[in-house]
Amino acid sequence: SKAEMRHTCRGTINLATANITVEDSCNFIISNGGAQTYHLKASSEVERQRWVTALELAKAKAVKMLEESDDSGDESVSQTDKTELQSTLRTLSSKVEDLSTCNDLIAKHGTALQRSLSELETLRLPADSTEKIKQVNERATLFRITSNAMINACRDFLLLAQTHSKKWQKSLQHERDQRIRLEETLEQLAKQHNHLERAFRGATVLPAGTAGTGGSAKDPCCATKGDLSDEDDDNEFFDAPEIIPVPESLGHKRTGSNISGTSSDISLDEQYKHQVEDTKKEKRTRIPYKPNYSLNLWSIMKNCIGKELSKIPMPVNFNEPLSMLQRLTEDLEYHELLDRAAKCESSLEQLCYVAAFTVSSYSTTVFRTSKPFNPLLGETFELDRLEENGYRSLCEQVVSHHPPAAAHHADSKHGWTLRQEIKITSKFRGKYLSIMPLGTIHCVFHSSGNHYTWKKVTTTVHNIIVGKLWIDQSGEIEIINHKTGDKCNLKFVPYSYFSRDVARKVTGEVTDPTGKVHFVLLGTWDEKMDCYKVTAGPGDNGAEGRQRAHEAEDSRVLLWKRNPLPKYAENMYYFSELALTLNAPEGGTAPTDSRRRPDQRLMENGRWDEANAEKQRLEEKQRLSRKRREAEAARATEDGTPHAPYKPLWFERRKDPVTQELTHIYKGGYWESKEKQDWSLCPDIF
């Protein structure tokens, strides 16, 4: 029950998509085919069967509820509830009327029966017959009293139901009216804010334009870069970058040249081949500029409050032309930190570089407020930088929903392996959006055998409806070396307008198994991380030693510094140099590779209307595949036949030997298939 969840619940599982299998006479398993599996043991075979039956019934009910709730908004639900309530009351009223009729008939026939019995008593009958008639008479009277009581109870129940129904309807209508008023107020506020913002920009940009047009001729696609940066300087105290929607006066106008590199009548496949030829020799440094399309954000978001983000049908206007798999690969932007860590002889120093690598993965998020594409089930992304940087990486979408999960594996010839399975859960809360990545990241160094694990922090996108969008990271990360017992605790300090502290601050301590602090880390997640060696003098306690470490500038080591963004990045979704290359077409990749995803390619080329239509087609195709799999599983359950759940192609789900968690681990075969160009096992997802 919901009450028990506060103190005894060990976890939850969605029954609508769960598989219930019997293991032996007393054991059974519930699994969602993804990250969750529960092994349950009953005290006897009878009890096990009771549980399995109850769960199967609950699953059937959950599937039915899921089907009923699909594609239905709040208004339609409340209207359905109201209609259903009225229908139920009408049925109740009808049944009570039937009971009343029955009562009248019972009373009539009961009176007649008693009269007949009384007449029988007056007749001269044997003594035993008179006694029997008296008993029957008493029972008939008792039956009539009971039926009258039942009818009265039914009438009271109907009266109560009608009274409360009026109260419920009144309360519901009040809540609905309040919600509509709130929506209208917020929409009006958003419009006023937009109007004021445009007026302010118009006032600040016009004088700059009259003063001269120096610099505008350098790049016609970014004529007002100076104006944008000036505005950022003026508003620096907000600690929030200027990102979303750029007005027509500042944005880049759509032209035939930037919408697509080729004529629109050429097919997407031909464009892809053409672009592959162009990008074989060198990595690209530019992508088509982001078109300036206006969109009423509130009209979409007002119906999404409290919902899981992955269930909201979003147009590509909120996306960036990269998938979640490519964003995951961006964690490797500062791979040289792991290369340096692999050379460290001291495990404590190595841990400092691993901590810096962990922080560096957030540096690309500071301006990136657009949403990456949700990968389709079976979608993959490879990044082969073995020749240039010594590593190659593979991602695969292993679970499609509840929550979606992606597995990632990267190997380096410099002596390290990085692997992770990340499930993204997110909630829209009206003013802000919380993104919670779940899952453990593993980093193993081959020569020393040091095995590190850590988890990601929560990302929050603020000012979703009104104001400038800005991103913050908050929470703590504990990095553990499972071989030596060394630990590093990183704290991401949440931004506060009233704090005098530096924004986006990250602090950390590297400790040995005894808890003694050896290094102090200090920096910001968007700029750099420094390391200070703690040298505790005689009589120093831990706090004094840490304080002295901060003051000892000569012991400071710069672990990591963010690379500058490419020129005109603000027109290219604020992509880093690595991000600009990720969606560049490459020959020989799997047919499931994100680079081949048509809606993403159309969006990158500026053809957003076509991209939206293509996105809907792909999502509908995936939805039908999922329903087909669920129907097959349900059929197998009914028939009692074994059913194999969906299995990823390049990863397999097994227990991690270090953390004991069930996770998807790379099973090999991808790079061999690429070498042979044998993609016969790949599903058709695009």
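The values are calculated or read from the model by the stated rules, or taken from the named source; none is laboratory data. Since the structure is predicted, the reported quantities are computational estimates derived from the model, not experimental observations. Reconstructed Cβ throughout: ideal geometry from the backbone, glycine too, with neighbour counts over all protein chains shown. When the accessible area is computed, the model is the full protein with side chains, heavy atoms only, and any ligands, DNA or RNA have been set aside. Shrake-Rupley method; radii C 1.70, N 1.55, O 1.52, S 1.80 Å.
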Show me the ranking of peptides 644-655, 524-535, 90-101 by mean Cβ neighbours inside 10 Å, starting with the highest. 524-535, 644-655, 90-101
In segment 20-63, what percent of the accessible surface is made up of carbon and sulfur (1.4 Å probe, ligands and nucleic acids excluded)? 59 percent
Distance between segment 324-364 and segment 140-184 - C-alpha centres, whole angstrom: 64 Å
Once a ≥ b ≥ c are taken as the square roots of the eigenvalues of the Cα gyration tensor of segment 20-63, is the result rounded (a/c under 1.5), prolate (a/b larger than b/c) or oblate (a/b not larger than b/c)? oblate
Excluding ligands, DNA and RNA, what is the solvent-accessible area per residue of segment 20-63 at a probe of 1.4 Å, expressed in Å²? 61 Å²
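Give the carbon-plus-sulfur fraction of the accessible surface of segment 436-511 in %, rounded to a whole number; probe 1.4 Å, heavy atoms of protein chains only.
After summing per-atom areas, the C and S share lands at 53 percent.
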At a 10 angstrom cut-off on C-beta neighbours, averaged per residue, how do the peptides 590-596, 375-381, 287-293, 10-16 rank from highest to lowest? 375-381, 590-596, 287-293, 10-16
Note to self: C-alpha centroids of segment 632-672 and segment 565-580 sit apart, in Å, by 38 Å
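Taking every pair of alpha-carbon atoms in segment 551-686, give the share separated by more than 17 Å as a whole percent.
That tail contains 78 percent of the Cα-Cα pairs.
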For segment 365-379, 3J(HN,Hα) per residue [Karplus equation, 6.51 cos²θ - 1.76 cosθ + 1.60, θ = phi - 60°, Hz, x = Gly/Pro]: 8, 4, 9, 8, 8, 7, 8, x, 5, 6, x, 7, 4, x, 5
Using per-residue counts of other Cβ atoms within 10 Å, averaged over each peptide, order 54-62, 459-467 from highest down. 459-467, 54-62
Check Phe651: other-chain or 5+ apart residues with amide H under 5 Å from its amide H, H built from backbone geometry? Lys667
Quick one: Cα centre-to-centre distance for segment 369-441 and segment 459-510, in angstrom? 20 Å
